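Here the structure is laid out as structure tokens; the discussion comes afterwards.
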Amino acid sequence: MHKSGFVNIIGCPNVGKSTLLNAMVGEKLSIITSKAQTTRHRIMGIVSGDDYQIVFSDTPGILKPNYKLQEKMMQFVITAFTDADLFLLITDIFEDIELDETYVAKLKKTTIPILLLINKIDEAKPEQLEEKAKKWKALLPNAELMYISALHKMNLDKVMKRIIALLPEGGAFYDKDTLTDKNERFFVSEIIREKILNNYHKEIPYSVEINVNSFKDEPTIVKIQADIIVERESQKGIIIGDKGSSIKRVGIQSRKDCETFFGKQVHLELFVKVDKDWRNNDLRLKNFGY
Ligand code: GDP
Ligand code: MG
């Protein structure tokens, strides 16, 4: 018997959804930072065995949208609600934002199985876990509760077994050696965006998008040219930094990660461009893949 299905990872910002996806797939597909709204897209990570195929989807954290980019981000979450065979609802012991009522209501009504994963147990005291478990059992009695640490890979083998047990019977959706639905350019732009999140503060990371203009995969080197798009002239100055020191740092860090990702030498050229108010421009958002 062969089993397969879509396992959609959902939850509030910063609870560890992307960390879990990467741990399950065994590759760094999704970028991770300590900041909320690191993930903007739905990213699939595919795990195949002889008699199963799990198509995990990482999604942006659930929030109330303030601008069009965030509306598009929430659209990815809504899609993840429509095609799931199984939900991995992630929460952690620190979660300060409550899960939006409309999503709780949807999860209460659904007949799709839910694994409720309480993450970051490496930092939890037993009483904290009990308290969280009580709260969630009352909120979602239909969910099956498990405790994990995505970062330290605790109990993930148990989660994997439960996932396979709960999946419906069916054939593979993708070739068994496929790892993701995203292409190389996407991963380059995400690597650069991660460095932006790590190197700048306040609104800067949230005002940035990356456009990979050229990607040439040659036998011994990958040659990449990408634009860092910001919303305002003042942000351009901040990205570049004093005598170009900040963008240089972003460039070096990004190149190193790209070299690890592609397993060969990388030449990376970065430019900064202003595209006024791109976050609220439908056409721009469409071009950026939202
Ligand atoms: P997402 O926004 O839900 O995708 O969360 P991320 O995967 O980006 O993780 C947010 C933060 O939580 C990062 O700083 C992670 O390193 C951290 N984190 C994730 N899983 C764990 C865990 O099991 N234990 C601890 N202590 N931190 C974790
Ligand atoms: Mg994420």
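The values are calculated or read from the model by the stated rules, or taken from the named source; none is laboratory data. Treat the numbers as computed from the prediction; the structure is a model and nothing was measured. Methodologically, a virtual Cβ is constructed for each residue, glycine included, from the backbone with ideal geometry; neighbour enumeration extends over all protein chains shown. Remember, those area values only see protein heavy atoms, side chains included, never the ligands or the DNA or RNA. Shrake-Rupley method; radii C 1.70, N 1.55, O 1.52, S 1.80 Å.
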- Note on the structure: In terms of the charge dipole of the chain, which places +1 on Lys and Arg and -1 on Asp and Glu at the beta carbon, the residue among S254, A138, G16 farthest towards the positive end is S254
- Query: So how far apart, in nm, are the two label points at N199 and K134 if each is 7 Å from Cα heading toward Cβ?
  - Reply: 4.8 nm
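Taking the Cα centre of region 3-166 as origin, sum charge times position over the Cβ atoms of Lys and Arg (+1) and Asp and Glu (-1), and report the length of that vector in debye to the nearest 20. Before the final figure, lay out each step's value.
Working: 22 positive and 20 negative charges, 51 e Å.
Dipole magnitude for region 3-166 comes out near 240 debye.
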- Item | With DNA, RNA and ligands ignored, accessible area of V222 (1.4 Å probe; Å², nearest 10) | 0 Å²
- Task: Excluding residues on the same chain fewer than 8 positions from K264, give the lysines whose Cα lies under 24 Å from its Cα.
- Result: K28, K182, K195, K216, K223, K248, K256
- Message: Under 14 Å between alpha carbons, and skipping anything fewer than 8 positions from K135 in its own chain: which aspartates and glutamates qualify?
- Response: D92, E95, D96, E98, E127, E144
- Task: Note the angle between two axes, namely the Cα long axis of helix 245-262 and the longest principal axis of the Cα atoms of the chain, as a number of degrees from 0 to 90, rounded to the nearest 10.
- Result: 50 degrees
- Alpha-carbon centroid distance for the pair region 31-54 / region 78-121, whole angstrom: 16 Å
- When only the heavy atoms of the protein chains count and the probe is 1.4 Å, how do R249, R40 rank by accessible area, highest first? R249, R40
- Quick one: putting +1 on the C-beta of Lys and Arg, -1 on the C-beta of Asp and Glu, what dipole do you get for the chain around its Cα centre, in Debye to the nearest 20? 540 debye
- Straight-line reach from K134: which lysines have Cα under 30 Å away, leaving out those fewer than 8 places along the same chain? K17, K35, K64, K106, K108, K109, K120, K125, K153, K158, K161
- Carbon + sulfur, % of accessible area of the chain - ligands and nucleic acids excluded, 1.4 Å: 51 percent
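Say R0 is 30 Å: what FRET efficiency, to the nearest 0.05, do N183 and D277 get from their beta-carbon distance? Before the final figure, lay out each step's value.
Working: r = 27 Å, r/R0 = 0.91.
Efficiency for this residue pair is about 0.65.
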- Query: Could you sort E194, E144 by accessible area so the largest value comes first, with the probe set to 1.4 Å?
  - Reply: E144, E194
- When the chain is fully extended, how far beyond the present Cα-Cα distance does S34 get from N66, taking 0.36 nm per residue of separation? 9.4 nm
- Among S234, I210, I191, pick out the residue whose Cα is farthest towards the positive end of the charge dipole of region 184-287, where Lys and Arg carry +1 and Asp and Glu carry -1 on C-beta, about the Cα centre. S234
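Roughly how many Å² is the accessible area per residue of region 3-166, as a whole number, for a 1.4 Å probe? Please list the in-between numbers first.
Working: 7080 Å² over 164 residues.
In whole numbers, region 3-166 has 43 Å² accessible per residue.
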- Item | Area accessible to solvent at L151, 1.4 Å probe radius, in Å² | 120 Å²
- With all protein chains present, calculate the accessible area of H41 using a 1.4 Å probe and round the result to the nearest 10 Å². 20 Å²
